[in-house]
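The values are calculated or read from the model by the stated rules, or taken from the named source; none is laboratory data. Source: prediction; values computed, not measured. FYI the Cβ positions are ideal-geometry reconstructions off the backbone, even for glycines, and counts take in every protein chain you see.
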Ligand code: ACO
Ligand code: LMR
């Protein structure tokens, strides 16, 4: 399910855009996909490990969700797994809904996801786009699965979190989308990409003209 919901989010997102630009510059599949993968990080698809770590640390130290939000603000740190560029409470992310409903219906216990949803209530009351995002819902659900499915000791569960297993879900899923977009560009014989000027030109103060 995680691979399916993360596979693609259209051509406009950072990584896919990079892949498309590279494909249209005549580069090969691996180079084009790698250029997309290199954009994955805190702001784009690479917040899962951070979200798993931040939410579990807060939950395990019995921090009330409000204390967690306030403490992060005081430290000047963003909460990983919270916020989206275009999705919000007014434009809900169906991918998040699908994962959330599955976990609620099927997991034996989901304390971290429930905790994250309490955090979301607080953050969205400040700004509507500060939702629990795809990275956040997968990360917290995955920790709940590792901790409560009965197949892992708590040390094993922690080790998988520490070695980046949760980030790898987005990397693997989105690689499928990058490959699809690369194929599309080649199939449609798209030429060299050039970005429209009106999107990138800016007005300098008088003294620099
Ligand atoms: N935690 C706390 N505050 C936040 C968060 C957050 N995660 N995200 C944004 N804010 C605050 C900002 O501090 C800013 O506050 P201000 O107006 O008082 O200065 C305000 O919300 C707007 O911030 P922007 O950076 O302009 O928000 P934008 O919509 O451009 O950013 C983004 C979206 C990049 C996803 C951002 O929310 C973020 O970095 N989130 C944390 C990392 C994360 O989860 N990334 C994965 C996104 S989902 C995906 O890529 C599949
Ligand atoms: C996502 O899947 O949500 C990301 O690709 C970010 C975006 O801009 O949509």
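Listed conditions (1) free of Cβ contacts under 8 Å to residues at least 12 places away in the same chain; (2) under 21 Å from the mean Cα position of the chain (by Cα); (3) under 18 Å from residue 13 (Cα atoms) are all met by residue 173, apart from (1).
If you go through region 1-11 one residue at a time, do you hit one that is in contact with a strand residue (DSSP E or B) (Cβ under 8 Å, 6 or more places away or on another chain), modelled with pLDDT of 95 or more and within 10 Å of ligand 1 (Cβ to nearest atom)? Quick ask: steps written out before the conclusion?
Of the residues in region 1-11, the ones in contact with a strand residue (DSSP E or B) (Cβ under 8 Å, 6 or more places away or on another chain) are 6.
Adding the requirement that they be modelled with pLDDT of 95 or more leaves 6.
From the residues that got through so far, the ones that are within 10 Å of ligand 1 (Cβ to nearest atom) too are 6.
Yes; the residues of region 1-11 include at least one that is in contact with a strand residue (DSSP E or B) (Cβ under 8 Å, 6 or more places away or on another chain), modelled with pLDDT of 95 or more and within 10 Å of ligand 1 (Cβ to nearest atom).
Filter region 1-14 down to the residues that are touching a residue at least 24 places away in the same chain (Cβ under 8 Å) and near ligand 2 (Cβ under 9 Å from one of its atoms) and list them by number.
Step one: list which residues in region 1-14 are touching a residue at least 24 places away in the same chain (Cβ under 8 Å), which gives 1-9, 11, 13-14.
Listed by number, the residues that qualify are 5, 6, 8, 9, 13, 14.
So, residue 83, is that one within 16 Å of ligand 2 (Cβ to nearest atom), surrounded by fewer than 22 Cβ atoms within 10 Å (Cβ to Cβ) and under 11 Å from the mean Cα position of the chain (by Cα) or not? Yes; evaluated as a whole, the condition is true for this residue.
Going by the structure shown, is residue 90 more than 9 Å from ligand 1 (Cβ to nearest atom) and either touching a strand residue (DSSP E or B) at 6+ places or on another chain (Cβ under 9 Å) or at negative phi (or both)? Step through it out loud before you land on a result.
Working: more than 9 Å from ligand 1 (Cβ to nearest atom): yes; either touching a strand residue (DSSP E or B) at 6+ places or on another chain (Cβ under 9 Å) or at negative phi (or both): yes.
Against the criterion (more than 9 Å from ligand 1 (Cβ to nearest atom) and either touching a strand residue (DSSP E or B) at 6+ places or on another chain (Cβ under 9 Å) or at negative phi (or both)), residue 90 qualifies.
In region 74-98, the residues that are touching a residue at least 60 places away in the same chain (Cβ under 8 Å) form Cβ pairs under 8 Å with partners that are away from ligand 2 (no atom under 12 Å from the Cβ) and part of a loop (DSSP other than H, G, I, E, B), at six or more places apart or across chains, as follows: 98/1. The residue that is farthest from ligand 2 (Cβ to nearest atom), among those in region 15-48 that are loosely packed, with under 15 Cβ neighbours inside 10 Å and under 27 Å from residue 132 (Cα atoms), is 38. Candidates 132, 117, 112: the one that is within 16 Å of ligand 2 (Cβ to nearest atom) and either under 24 Å from residue 71 (Cβ atoms) or at pLDDT 95 or above (or both) is 132. Can you tell me how many residues within region 121-143 are surrounded by fewer than 23 Cβ atoms within 10 Å (Cβ to Cβ) and in a helix (DSSP H, G or I)? The total comes to 6. When residue 203 is tested against (1) under 25 Å from residue 8 (Cα atoms); (2) without any contact (Cβ under 8 Å) to a residue 12 or more places away in the chain; (3) in a loop (DSSP other than H, G, I, E, B), only condition (1) is not met.
Restricting attention to region 13-35, and to residues there that are in contact with a helix residue (DSSP H, G or I) (Cβ under 7 Å, 6 or more places away or on another chain) and under 21 Å from residue 138 (Cα atoms), which single residue is farthest from ligand 1 (Cβ to nearest atom)? Within region 13-35, the match that is farthest from ligand 1 (Cβ to nearest atom) is 16.
Would you mind stating whether residue 58 is within 12 Å of ligand 1 (Cβ to nearest atom) and more than 28 Å from residue 185 (Cα to Cα)? So residue 58 does not fit the description; no.
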